Amino acid sequence: MRILALVKRIIHQMLRDKRALALMMVAPLLILTLLHYLLGGNTVNPRMGVIGADASLVKQLKSKEITVKQYTSRSNWKKVMEQNNLDAILQVNENDIKLTLENDQPSATKALLIKVQQAVAAENAKKQSAKMTQFMQEIQNKLQGVPLKLEQAAAPKIETTYIYGDNDTTYFDQLSPILVGFFVFFFVFLISGIALLRERTTGTLDRLLATPIQRRDIVLGYLSGYGLFAIIQTLIVVVYAVKVLDIMLVGSFWNVVVINLCLALVALSLGILLSAFANSEFQMMQFIPIAIVPQVFFAGIFPFEGMADWMQVIAKIMPLYYGGDALVSIMYKGLGFTDIINDLLVLLGFALVFILLNIVVLKKYRKI
């Protein structure tokens, strides 16, 4: 009977907490739906620029599901690749073949390299077969006793270079900058939200509201106070990741710090905002599947080009999308501060919006 009474109490408690019940039922469906569309999205064929290749080799490349764009003149290939969103450039000069790979996605790059090697090998085998056929015809046409020599098709060698990374680059090298930003974002969000929630549940915030203090002062005060610890945490995570774990860092270390500080500011203001809608630490944890987990999917772990159009729109309203892009640009690609300025401005815009919403929420829910 005691066990039954305890079960009844838990059932009644859960039924009274409508939000917890709804999230328990809806959140898994939301995550599964996102994963379904992300993993089941259309595969984007690699895009390659080609110069000097004959029609037969181009046909072989297209048969490997490579989108080929032909060029007639040599130029700054890195600039051409950026402007035309190309994954590789193939330059052919008889048996000399030079392949330049962007290597933006190491796993996709290795697959593309294999396809190019297969296409070149198939084209070489085709030429060898043609020479053999010609040789046999010459045998039939020549007089008996005249020596003939079979001309072998020289096997071409592919000289491979990489815009980003090298042949030993792995998927984790491109993923690790995103993980650094995610952990900074996640723990700052969680700690700031729960810390402010405790301020409310212990009555500290109520006593503060009894003083003649403005809403914006409360918000900025909490942001500044928790922000100091967020800065320390961010520096520890970044230094540990780069100096101890030796995660790839091609660009400036201080640019990485700036990006993560912007992410921490967004997480801090978002955590404080969502804590206003929670009455317990359990309810604060319920926001993680809704506010945090979906952002991981749009931070750059999954190729953006393969997403459906409506998912690309959702991705662009996620702070981690811009944080991940900026971190990959600095740590993996080695770009400069000017290349990430737009991402930083968007992150600061998110932080400003969340801060203003914090002030509004205090007025609506706290009656200050």
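The values are calculated or read from the model by the stated rules, or taken from the named source; none is laboratory data. Not measured: the values here are computed from a predicted model. Methodologically, a virtual Cβ is constructed for each residue, glycine included, from the backbone with ideal geometry; neighbour enumeration extends over all protein chains shown. Areas reflect the complete protein model, heavy atoms only, side chains present, ligands, DNA and RNA absent. Shrake-Rupley method; radii C 1.70, N 1.55, O 1.52, S 1.80 Å.
Points worth noting:
- Contact order, relative form, for region 225-368: 34 percent (alpha carbon pairs under 8 Å, 6 or more residues apart, mean separation divided by residue count).
- Long-range HN-HN contacts of Thr160 with modeled amide H, under 5 Å: Leu99
- For the pair Asp339 and Phe229, label points projected 7 Å from Cα toward Cβ lie 3.7 nm apart.
- Under Karplus coefficients 6.51, -1.76 and 1.60, residue-wise ³J(HN,Hα) of region 106-119 in Hz, glycine/proline x: x, 5, 5, 5, 5, 5, 5, 4, 5, 4, 5, 4, 5, 5
- Ranked order, Asp325, Asp87, Asp246 - accessible area, probe 1.4 Å, largest first: Asp246, Asp325, Asp87
- Karplus-based coupling profile of region 238-254, in residue order and whole Hz: 5, 4, 5, 5, 7, 8, 8, 7, 6, 5, 3, 9, 8, x, 7, 4, 5, with θ = phi - 60° in 6.51 cos²θ - 1.76 cosθ + 1.60 and x standing for Gly or Pro.
- Measuring r between the beta carbons of Leu356 and Met285 and using R0 = 25 Å, the FRET efficiency lands at 0.45.
- Shape call, region 198-356: gyration tensor on alpha carbons, a/c limit 1.5: prolate
- Contact order relative to length of region 245-326, as percent, for alpha carbon pairs under 8 angstrom and 6 or more apart: 33 percent
- Which of Arg198, Arg47 is most accessible, then next, and so on - probe 1.4 Å: Arg198, Arg47
- Between Leu245 and Ile317, the C-beta separation translates, for a Förster distance of 30 Å, into a calculated FRET efficiency of about 0.45.
- Projected label distance in nm at Lys157 and Arg16, using a 7 Å step from Cα toward the beta-carbon: 7.9 nm
- Separation in nanometres of the label points that stand 7 Å from Cα toward Cβ, at His36 and Trp310: 1.2 nm
- FRET efficiency, Ala122 to Ala5 (Cβ-Cβ, R0 56 Å, nearest 0.05): 0.15
- For region 269-368, the list of trypsin sites (Lys or Arg not before Pro) that fall in a loop by DSSP and count at most 12 other C-beta atoms within 10 angstrom reads Lys316, Lys367.
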